[in-house]
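A quick write-up on the structure given underneath.
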Amino acid sequence: MKLLVTGGAGYVGSVCAARLVEAGHEVVVLDNLSTGHADAVPEGARLVSAAIDDVIEDVLAEGYDGVLHFAAKSLVGESQQDPAKYWQGNVVTSLRLLEAMRRHRTPRLVFSSTAATYGEPEVVPIPETAPTRPTNTYGATKLAIDHAITGYAGAHGIAAVSLRYFNVAGAYGRFGERHTTETHLIPLVLQVALGTRADVKIFGDDWPTDDGTCVRDYIHVVDLADAHALALANAVAGEHRIYNLGNGFGFSVRQVVDACRAVTGHPIPAEVAPRRDGDPATLVASSDKARAELGWTPKRVDLDGIVRDAWEFTQSRREA
Ligand code: UDP
């Protein structure tokens, strides 16, 4: 297939682009490089370094079999402080993409959605039928795009799939997490092991969980990429299907820090700090629907293995 990967110079997008190239697809990456990196675009993929808003009409006019839409603003804290950036950058831009897909009859769409569309869960593990009540602007914009996709798929025959990621982690060789503003737990903890950060703050140890720290579902980025390929292959014209993607196991912040200590051999000083605004205590996905309908099975569910891949990537960046 000829595929357009928006945001393919970012973390998840670059891993997916690399896997799609390896699977034999023709891949074009569209990325404005605002947070992505040109050298994260895999060999064999063509990079169009431009904003979706400026070029999407011309790009899709070339004729594509599908779009994988990763490009987005994705910092929860920033989305609270500057909502316009998120409504404009995520929603308005995605509407432009959908319009261009409609006009040029692009048949397939896989959208990078998020567990943040659910907000504070009533039931854990979270099924796709859970109420969607995002607690921040980031989640609200992703949910709004999901709604727009439902309408476009039904009205214009697009075969669409939204994948709601839980906590993406790990790396795929030279493709990994390289955020200028890093807020995610595993890369921050590994920065301590690397020596570029003094310690890690644990945001609260009085949560209603086994060890008092927040529990999250860490999914390996390669398992996530595999789900995208399956979503693309199984998408049905005129339908918008939504799948949660997690490995189904919850790990606490303390368990993550311990895994990082075990993998790196570094003591990693950790200090308890106040709770972070807007954090739910526990977020774990039910991925039963993705397993049943896409035939997806996460293969890299071991936390030490996830951390090991991230650590190898982190060390390779230091050497680079
Ligand atoms: N967390 C933490 N210290 C940090 C960063 C994150 O204790 O420096 C916690 C955070 O409160 C959450 C978990 O680690 O419970 C995962 O946070 P992350 O930002 O990686 O992902 P999120 O779950 O917010 O998408």
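The values are calculated or read from the model by the stated rules, or taken from the named source; none is laboratory data. A quick note: this is a predicted structure, and the numbers were derived from the prediction, not measured. Here the Cβ is made from the backbone with ideal geometry for all residues, glycine too, and neighbour counts use every protein chain on show.
Numbers for the structure displayed
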{"quantity": "Selected residue [at pLDDT below 95, over 24 Å from Arg19 (Cβ atoms) and outside the structural domain of Ile149 (by the TED database)] from Asp277, Asp258, Asp205", "calculated": "Asp277"}
{"quantity": "Out of Asp82, Asp39, sole residue that is among the acidic types (Asp, Glu) and farther than 26 Å from Ala140 by Cα", "calculated": "Asp39"}
{"quantity": "Any hit, segment 72-84, residues being surrounded by 15 or more Cβ atoms within 10 Å (Cβ to Cβ) and touching a strand residue (DSSP E or B) at 6+ places or on another chain (Cβ under 9 Å)", "calculated": "yes"}
{"quantity": "Matching entry among Thr297, Thr282, Thr314, Thr264 (being free of Cβ contacts under 8 Å to residues at least 24 places away in the same chain and either under 19 Å from Pro208 (Cβ atoms) or assigned by the TED database to the domain that holds Thr183 (or both))", "calculated": "Thr297"}
{"quantity": "Positions within segment 107-124 being away from the ligand (no atom under 16 Å from the Cβ), surrounded by 22 or more Cβ atoms within 10 Å (Cβ to Cβ) and not charged (D, E, K, R), in sequence order", "calculated": "Leu109, Val110, Phe111"}
{"quantity": "Residue pairs meeting the criteria (Cβ under 6 Å; at least 6 apart or on separate chains; first farther than 17 Å from Arg105 by Cβ, in segment 229-249; second aromatic (Phe, Trp, Tyr) and surrounded by fewer than 24 Cβ atoms within 10 Å (Cβ to Cβ))", "calculated": "Leu230/Trp296; Leu245/Tyr165"}
{"quantity": "When residues of segment 206-263 are limited to those that are among the β-branched types (Val, Ile, Thr), over 17 Å from the mean Cα position of the chain (by Cα) and within 16 Å of the ligand (Cβ to nearest atom), the one farthest from Trp311 (Cα to Cα)", "calculated": "Thr209"}
{"quantity": "Any pair with Cβ under 9 angstrom, 6 or more apart, that starts in segment 38-60 at a residue that is surrounded by fewer than 20 Cβ atoms within 10 Å (Cβ to Cβ) and ends at one that is of a type in the set (Lys, Arg) and not in a loop (DSSP other than H, G, I, E, B)", "calculated": "Asp53/Arg96; Glu57/Arg96; Glu57/Arg103"}
{"quantity": "Segment 190-217, residues that are hydroxyl-bearing (Ser, Thr, Tyr) and surrounded by 16 or more Cβ atoms within 10 Å (Cβ to Cβ)", "calculated": "Thr209, Thr213"}
{"quantity": "Checking Ala153 against (1) within 16 Å of Leu97 (Cα to Cα); (2) in contact with a helix residue (DSSP H, G or I) (Cβ under 9 Å, 6 or more places away or on another chain); (3) more than 15 Å from the ligand (Cβ to nearest atom), the condition it does not meet", "calculated": "(2)"}
{"quantity": "Condition check for Asp65: under 19 Å from Thr183 (Cα atoms) and away from the ligand (no atom under 16 Å from the Cβ)", "calculated": "no"}
{"quantity": "Residue match in segment 87-103 (condition: modelled with pLDDT of 95 or more, within 16 Å of the ligand (Cβ to nearest atom) and of a type in the set (Lys, Arg))", "calculated": "no"}
